[in-house]
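The values are calculated or read from the model by the stated rules, or taken from the named source; none is laboratory data. Quick caveat: nothing in here was measured; it's all calculated off a predicted structure. Don't worry about glycine lacking a Cβ; one is built from the backbone with ideal geometry, like all the others, and counts go over all protein chains shown. Note: areas computed on protein heavy atoms with side chains; ligands, DNA, RNA excluded. Shrake-Rupley method; radii C 1.70, N 1.55, O 1.52, S 1.80 Å.
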Amino acid sequence: MTGPFLLLHPDDNTLVARAHAPEGTEVETEAGPVRLTRPIPMAHKIARRPIPAGGTVLKYGMPIGVATADIAAGDHVHIHNIRSAYTTSVALQDADGLGKGA
């Protein structure tokens, strides 16, 4: 735990706010202490270390997206600087329970 933030998995490059973190809050990150430049809402993420544009964003030890811009340690990680890397891993089923194309 790092103040109002949680590290969910040791491989994560993000920390998750367990409570609202006001602008100016100092947070210890892997890259050293940072001061938040904006308020971070509960359950939102900040970068634990710098994430380069095109880099994979990790939460729960799993990829959740790709950085669309360089993200500095302590920066808010959200839809303004990542895009989803979600791909479907299950087959959709019709009402009769058969998979599409079956």
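For the range 25-56, what are the residues that are in contact with a Pro (Cβ under 9 Å, 6 or more places away or on another chain) and not hydrophobic (A, V, I, L, M, F, W, C)? Listed by number, the residues that qualify are THR25, GLU26, PRO39, THR56.
Count of the range 15-71 residues, restricted to those that are part of a loop (DSSP other than H, G, I, E, B), closer than 25 Å to ALA85 by Cβ, modelled with pLDDT of 95 or more and not charged (D, E, K, R), is 11. Find the residue count for the range 23-69, including only residues that are surrounded by fewer than 16 Cβ atoms within 10 Å (Cβ to Cβ), charged (D, E, K, R) and touching a residue at least 40 places away in the same chain (Cβ under 8 Å). Residues that pass the stated criteria total 1.
Limited to the range 73-84, what total is found for residues that are outside any strand (DSSP E or B) and open to solvent by less than 50 Å² (accessible area, probe 1.4 Å)? Selection size over the range 73-84: 3.
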